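The values are calculated or read from the model by the stated rules, or taken from the named source; none is laboratory data. Just so we're clear, the structure is a prediction, and the values are computed from it rather than from any experiment. Note that we place each Cβ from the backbone using ideal geometry, even for glycine, and neighbour counts take in every protein chain shown.
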Ligand code: HT7
Ligand code: ZN
């Protein structure tokens, strides 16, 4: 395996003035003609004369330099690199290559999706189109001519503005696109298909009219309105909150069914997974609408954070992704319910990213090495990356952070830069020394912050001690102390006021942040009449594990009184978690489960709380999930934990049955559906009430009647989920068959239908295999693979972790098949097997066996090989 290191970075030997491409699309193949003007990079004082270009799966028709054809003795082409020696200082390179998009199942480069040609070039897909310096620090203007059959491919698109178009002989036509902004080739895009278009116009603050176009297959036109409005909201928000104005006259989005990820921010021509564009009330859940809006925002925001200012190399990926996730999460928070958005983001971080950071693939948000860059589009780079940007925002405050962001865009517009460049801008505008803060970019692992408090009633003295540490990660046995912003308040129990913290050296009054920078730090308060209640790490101000062994009554106090919404939620979670972990140890030793009446009382007071919104009640009253809890337990016994969760939920359902039922009935109104925060909150609380009731057995009638009367997909999918968990096979089959019959023409509905079934508690491996035989399943379509195989491995712990290892064996079989078809998708599925250290000995060994079985495959892609090798190390 060839490892690439950050420390080996060197500036490119040659830069590009202009790239001109011609695509001649024919049924059997596509001919790509490139015309590239190169000049020696003035930064390279060693005056290089060797041109290295990347190329994969290309058939060479001809290569030339300054119009002189190259024969195979003029170049070598080994391991993806075409190397031409003794080139002049400035020259024209031309290549004609043949590619076969219909055979391209990797969905990188140029490929066919439902009869439509489209490209995916990030990270290194451009090299599957033609020979090129496929690295983000080589930026060029692009002019692209596309020729294709007029009947089959009436729509021909690429980046930028349409320069020319017209008809050709043999019923063919052409279009020429020009993108005036210099960009790296990973932002190149091309689409050729038969598409309908939804149009609108956005007028920027500067008064410029931007044409907006969303291209979809004609039968999907009715599902484009929400995406269009989301785009308009994104454009407006980015102007208002970040001062970022759109630059081209045209912004296009194309929906495709075959896509490896969510969407792609190609300059002026975003390409989206259909599932993240197409929406309507009948087929999209609340969560679906929110996700579509945020991904449309995310890709749009990349126009500045990623495209105008891009990454120097792929180690800097978090520069664009972390910052853009931060931006999209603020977008959602500003538009909807800020507290709920924060809770959702932190849940994802704690359940999934913390696990990644503790597992064999742990890496800093700026990794120092990789084998396959596709493996580093991770929760760490994206979500933890966003948390690191959020910490800067917390440390600087909104106004200064905005100054830093303005400076960054101004200073680096049109350049390919590093994460240090970003942090230095934040340092310059704030005057804050961020040298130590940079460690967040280079050290992996989740820091642990232990808190110890002491109150001496006699002297009125209260001390709070913080101790930070970070467990070792692969290649990083020792970690240096992080700069950790701890947003905090000390609450006076008597009157719920906050103590004045002005006198504490490390506390910043403007931001309410305590700067923890040493391994250990202590704060002392004098003259207190009673012990304060500390509300620490407010809004989850740093991605750390806070360990604070404190009396349960304090959590109950914070749950009832904390004026920080997030910490109020967190206090409830702490109560639930400590109950569950306590009971886990009892059950694991063969004891009996016993509900804690204090927990029920606390839940009851949340239910009765007048000031809490429905959405907050739903979030607070949801138990920590299987995945999060299994991370808190050493070598978890899956059966014990699943059994515990079931018993606990059943007891909660029983103890508060009347409240769940009353709330469900009150919330289950017939108001006309709208995707607005108040309704979304109501539906999420309603879902929680019915989910608890479903543990009592006698409410299946309520569930089926909700299914039958549902006027929107949120309610319908809630009912379908609960039905998928039930053991009533006949009823389940009848409902599933009816659903499919009704919705089989709607791809997004079928994907949701497959996913719900695959996660169902009563769905066995045999059922999953049967689903894979269903006419709607196709292993070459990533959304279908994610819906069935992904949902099973990540969302059906009961059957995936079957004691006999059959779940693991099944997953390994699928990984081996997908390895040949689509390595990116295959390697993502591996994650479910790599956390074997979390599980009991029997399961751990069976997972390792399957990893070895995969490892023995002779034709293993580097994507899968890297994950398997690191896991078995
Ligand atoms: N920047 C994009 C990341 C990406 C991707 C997207 C689709 C298919 C393959 C891909 N590889 C990398 C998406 C984003 O984060 O905005
Ligand atoms: Zn992104």
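Which of the residues belonging to the stretch 812-833 are closer than 17 Å to residue 371 by Cα and more than 15 Å from ligand 1 (Cβ to nearest atom)?
Passing the criteria: 819, 830, 831.
This table checks each residue for (1) crowded, with 22+ Cβ neighbours inside 10 Å; (2) away from ligand 1 (no atom under 15 Å from the Cβ); (3) at pLDDT 95 or above; (4) on the phi > 0 side of the Ramachandran plot.
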| residue | (1), (2), (3), (4) |
| --- | --- |
| 298 | yes, no, yes, no |
| 302 | yes, no, yes, no |
| 308 | no, no, yes, no |
| 314 | no, no, yes, no |
| 319 | yes, no, yes, no |
| 324 | yes, no, yes, no |
| 327 | yes, no, yes, no |
| 331 | yes, no, yes, no |
| 334 | no, yes, yes, no |
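Looking at the stretch 353-374, can you tell me whether even one residue there is under 26 Å from residue 478 (Cβ atoms), within 11 Å of ligand 1 (Cβ to nearest atom) and touching a helix residue (DSSP H, G or I) at 6+ places or on another chain (Cβ under 8 Å)?
no
Please go through the stretch 214-226 and pick out each residue that is in contact with a helix residue (DSSP H, G or I) (Cβ under 9 Å, 6 or more places away or on another chain) and within 15 Å of residue 192 (Cα to Cα).
Those that are in contact with a helix residue (DSSP H, G or I) (Cβ under 9 Å, 6 or more places away or on another chain) and within 15 Å of residue 192 (Cα to Cα): 214, 216, 217.
Can you name every one of the helices (runs of 4 or more DSSP H) wholly within the stretch 311-361 that holds 2 or more residues which are within 22 Å of residue 681 (Cα to Cα)?
The qualifying helices (runs of 4 or more DSSP H) are 317-335, 338-348.
Has the stretch 110-119 got at least one residue that is assigned by TED's automatic domain parsing to the domain that holds residue 61 and in a loop (DSSP other than H, G, I, E, B)?
Taking every residue of the stretch 110-119 in turn, none turns out to be assigned by TED's automatic domain parsing to the domain that holds residue 61 and in a loop (DSSP other than H, G, I, E, B).
Could we say that residue 554 is surrounded by 17 or more Cβ atoms within 10 Å (Cβ to Cβ), at pLDDT 95 or above and assigned to a helix (DSSP H, G or I) here?
Answer is yes for this residue.
Against the condition assigned to a loop (DSSP other than H, G, I, E, B) and either within 17 Å of the chain's Cα centre (by Cα) or in contact (Cβ under 8 Å) with a residue 40 or more places away in the chain (or both), how does residue 366 come out, does it pass?
When the stated conditions are applied, residue 366 passes them.
For the structure I just gave you, tell me whether residue 459 is assigned by TED's automatic domain parsing to the domain that holds residue 360 and over 24 Å from residue 349 (Cβ atoms).
no
How about the stretch 165-243: which strands (runs of 3 or more DSSP E) wholly inside it have at least 3 residues that are under 28 Å from residue 129 (Cα atoms)?
Qualifying strands (runs of 3 or more DSSP E): 172-183, 190-193, 209-216.
What single numbered condition from (1) surrounded by fewer than 18 Cβ atoms within 10 Å (Cβ to Cβ); (2) on the phi > 0 side of the Ramachandran plot; (3) in contact (Cβ under 8 Å) with a residue 24 or more places away in the chain fails to hold for residue 590?
Residue 590 satisfies every listed condition except (3).
Does the stretch 275-289 contain at least one residue that is within 16 Å of ligand 1 (Cβ to nearest atom), closer than 30 Å to residue 823 by Cβ and part of a helix (DSSP H, G or I)?
yes
Out of curiosity, is residue 847 crowded, with 16+ Cβ neighbours inside 10 Å, more than 22 Å from residue 120 (Cα to Cα) and in contact with a strand residue (DSSP E or B) (Cβ under 9 Å, 6 or more places away or on another chain)?
yes
Among the residues of the stretch 539-551, count how many are closer than 17 Å to residue 337 by Cβ and crowded, with 21+ Cβ neighbours inside 10 Å.
1
Checking residue 528 against (1) touching a strand residue (DSSP E or B) at 6+ places or on another chain (Cβ under 7 Å); (2) without any contact (Cβ under 8 Å) to a residue 60 or more places away in the chain; (3) not in a strand (DSSP E or B), which single condition isn't satisfied?
Unmet for residue 528, out of (1) touching a strand residue (DSSP E or B) at 6+ places or on another chain (Cβ under 7 Å); (2) without any contact (Cβ under 8 Å) to a residue 60 or more places away in the chain; (3) not in a strand (DSSP E or B): (2).
Determine whether the stretch 813-827 contains at least one residue that is closer than 19 Å to residue 631 by Cα and either buried (at least 23 other Cβ atoms within 10 Å of the Cβ) or without any contact (Cβ under 8 Å) to a residue 12 or more places away in the chain (or both).
No: zero hits.
Every residue in the stretch 290-306 that is within 16 Å of ligand 2 (Cβ to nearest atom) and either part of a helix (DSSP H, G or I) or more than 27 Å from residue 245 (Cβ to Cβ) (or both), please.
291, 292, 293, 294, 295, 296, 297, 298, 299, 300, 301
Kindly provide the set of residues from the stretch 422-438 that are surrounded by 16 or more Cβ atoms within 10 Å (Cβ to Cβ) and in contact (Cβ under 8 Å) with a residue 24 or more places away in the chain, ordered by number.
Once the filter is applied, which keeps residues that are surrounded by 16 or more Cβ atoms within 10 Å (Cβ to Cβ) and in contact (Cβ under 8 Å) with a residue 24 or more places away in the chain, the stretch 422-438 yields 422, 423, 426, 429, 430, 432, 434, 437.
Are there any pairs with C-beta distances below 6 angstrom linking a residue in the stretch 319-337 that is free of Cβ contacts under 8 Å to residues at least 24 places away in the same chain to a residue that is within 11 Å of ligand 1 (Cβ to nearest atom), with the two at least 6 apart or on different chains, and if so which?
Close Cβ pairs (under 6 Å, with a partner that is within 11 Å of ligand 1 (Cβ to nearest atom)) amount to 320/305; 320/306; 320/311.
In the stretch 470-498, what residues are closer than 28 Å to residue 568 by Cβ, surrounded by fewer than 16 Cβ atoms within 10 Å (Cβ to Cβ) and in contact (Cβ under 8 Å) with a residue 12 or more places away in the chain?
Once the filter is applied, which keeps residues that are closer than 28 Å to residue 568 by Cβ, surrounded by fewer than 16 Cβ atoms within 10 Å (Cβ to Cβ) and in contact (Cβ under 8 Å) with a residue 12 or more places away in the chain, the stretch 470-498 yields 493, 494, 496.
Could you list all residues from the stretch 256-265 that are within 13 Å of ligand 2 (Cβ to nearest atom), in contact (Cβ under 8 Å) with a residue 60 or more places away in the chain and touching a strand residue (DSSP E or B) at 6+ places or on another chain (Cβ under 8 Å)?
261, 264
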